Amino acid sequence: MTAALPLVAGDYRATIDPVGAGLHSLTFRGRDLVLSYDIARHTPGSPAPHSSGAILAPWPNRTADARFTWAGHTHELPMTEAQRRNALHGLVLDKRWEVEEHRDPSIALTCSIGPEHEPHAPWPWPLHLRATYALDAADGLSVTLAITNQSDEDCPVGVGFHPYLSAMGAPLDSSELTIGLGECVELDPDRLLPTGRRLPAAQTLPAAAQGLAQPMAGIRLDHCYEGALGVVYFVDDNGEGVSLHPDPALRYFQIFTADPQLGHGYPGVGRALAVEPQTCPPNMLNTGEGLHTLCPAETLTTGYRLRAIHPSA
């Protein structure tokens, strides 16, 4: 059984899941800013439901055929999305992370992967990851991931995050999303891998592409957008909700709507919205787009912040 790690600051409350070091919950005055899940049933070896709140590394999103080639060598990954023949969302979202420091209202957790840290490691380079959550009564929750290359070779890296946003608990179909979008990275409908083409964002989110609030009623997405800029706002019909402030390195967004009519509703909620800031689009390990080459001993650090949108916040 997994126990949540609590953080408290002013009107904010957060809990962190030690399995995957994911964001389990975040509330403002008792109202949800992200969706949570039954943490008592979450155990090492399986990701949180719908990868909710997860940290995605050393690659986010999908890797085609669960393999890639680097420096002339082909590497095999676990095929965690078998129906689409992909490796999905990295290698750390189902591992138990160690609590390095917990001084409320902040916590740091660490995890190591690679051949020096685990038998039969699918990732050929040893990496050390440190996730920090810091809650502030005025500024909300900051989430930071630092990933360090412990090998003596360069290695490829990508990072992402998987929060399901909540507009103070309002249903998705009565909420609005405002997000600065560049182009839509076209994905093939069967495997959700890039085709190599770009599409106007207005084809999928017409209002948001014009800088307007996008009503989410009936919107169904599993799309990647390049060049997403600035703050993301997700609010209810009273204008209350949550804002997401990404680090500039997170210049891609995968936006996904869980939907019971499509067979993947969010537990206990139904339709739900994941806004996933990432350093790269899907299949980065094969296409090289957005790929960060991490030199020996180099650390890549990035993250995001969540704040309540409320008259008293």
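Based on the Cα coordinates of the range 88-196, what is the per residue volume of their convex hull in Å³? Each step should come with its number before you reach the end.
Values: hull volume 21.6 nm³, N = 109.
Expressed per residue, the convex hull around the Cα atoms of the range 88-196 is 198 Å³.
In the range 12-126, carbon and sulfur make up what percent of the accessible area (probe 1.4 Å)? Please report the intermediate quantities before stating the final value.
Values: 2310 of 4880 Å².
Answer for the range 12-126 is 47 percent, counting heavy atoms of protein chains only.
For the range 77-84, what does the Karplus curve 6.51 cos²θ - 1.76 cosθ + 1.60, with θ = phi - 60°, yield as ³J(HN,Hα) per residue in whole Hz, taken in order and with x for Gly and Pro?
Karplus-based 3J(HN,Hα) across the range 77-84 equals 10, x, 8, 8, 10, 5, 5, 10 Hz.
Report, to the nearest whole %, how much of the accessible area of the range 253-305 belongs to carbon and sulfur atoms, 1.4 Å probe, protein only. Each step should come with its number before you reach the end.
Details: 960 of 1830 Å².
Accessible surface attributable to carbon and sulfur in the range 253-305 totals 52 percent.
Could you grab the relative contact order for the range 42-130? Cα pairs under 8 Å, six or more apart, rounded to a whole percent. Let's see the in-between values first.
Details: 139 pairs, mean separation 21.1, N = 89.
Once divided by the residue count of the range 42-130, the mean separation gives 24 percent.
Which value, in Å², gives the accessible area per residue of the chain when a 1.4 Å probe is used on the protein heavy atoms?
40 Å²
Calculate one ³J(HN,Hα) per residue across the range 255-269 by plugging θ = phi - 60° into the Karplus curve 6.51 cos²θ - 1.76 cosθ + 1.60, and present them in order as whole Hz with x for glycine and proline.
Per-residue couplings from phi come out as 10, 10, 10, 5, 8, x, 5, 9, x, 9, x, 6, x, x, 10 Hz.
Determine how large the accessible area of residue 11 is when every protein chain is in place; take a 1.4 Å probe and give Å² rounded to the nearest 10.
Rounded to the nearest 10, that gives 60 Å².
Across the range 138-270, what fraction of all alpha-carbon pairs, as a whole percent, falls in each successive 5 Å bin from zero upward?
So the P(r) values, bin by bin, are 2, 9, 16, 20, 20, 16, 9, 4, 2, 1, 0.
Amide H of residue 90: which non-local residues (sequence gap of 5 or more, or other chain) have their own amide H closer than 5 Å, using H built in the peptide plane?
Result for residue 90 returns 59.
Using the Kirkwood radius over Cα pairs, work out the Stokes-Einstein diffusion coefficient for the range 217-287 at 37 °C and 0.692 mPa s, in µm²/s as a whole number.
On the way: Rh = 13.6 Å.
Taking Rh from Cα pairs, D becomes 241 µm²/s.
With bins 5 Å wide starting at 0, give me the P(r) of the range 1-118 over every alpha carbon pair, in whole percents.
2, 11, 18, 20, 18, 13, 8, 5, 3, 1, 0
Ordered by packing density, taken as the mean number of other Cβ atoms within 10 Å over each peptide's residues, highest first, how do 251-264, 55-68 rank? Display every interim value, and only then the final one.
Values: 251-264: 18.4, 55-68: 23.9.
So the peptides 251-264, 55-68, ranked by packing, come out 55-68, 251-264.
Only Cα pairs under 8 Å and at least 6 apart count here; give the relative contact order of the chain as a rounded whole percent.
On the way: 853 pairs, mean separation 58.3, N = 313.
After rounding, I find 19 percent.
Compute the distance from the alpha-carbon center of the range 1-65 to that of the range 115-182, in whole Å.
About 11 Å separates the Cα centre of the range 1-65 from the one of the range 115-182.
What is the set of long-range amide H partners of residue 180 at a cut-off below 5 Å, with H atoms built 1.01 Å from backbone N?
Result for residue 180 returns 229.
Go from 0 up to the bin containing the longest alpha carbon distance in the chain, width 10 Å each, and give me the % of pairs per bin.
Binned Cα distances yield the sequence 6, 28, 37, 23, 5, 0.
Would you mind giving the average projected area, over all directions, of the Cα convex hull of the range 151-225 in nm² with one decimal? Could the numbers behind the result be given before it?
On the way: hull surface 30.0 nm².
The number I arrive at for the range 151-225 is 7.5 nm².
So, with a 1.4 angstrom probe, what is the percent of accessible area on the range 135-219 that is carbon and sulfur?
49 percent
Per Stokes-Einstein, at 10 °C and 1.306 mPa s, what whole-number D in µm² s⁻¹ belongs to the range 268-313, with the Kirkwood radius over Cα pairs as the hydrodynamic radius? Present the calculation step by step, with values, prior to reporting the outcome.
Details: Rh = 14.6 Å.
Using the Kirkwood radius from Cα pairs, D works out to 109 µm²/s.
The values are calculated or read from the model by the stated rules, or taken from the named source; none is laboratory data. Bear in mind that the values here come from a model prediction, so they are computed numbers and not experimental data. Please note: Cβ atoms are built from the backbone with ideal geometry, for glycine as well, and neighbour counts cover all protein chains shown. Just the protein is used for accessible areas: all its heavy atoms, side chains included, with ligands, DNA and RNA removed. Shrake-Rupley method; radii C 1.70, N 1.55, O 1.52, S 1.80 Å.
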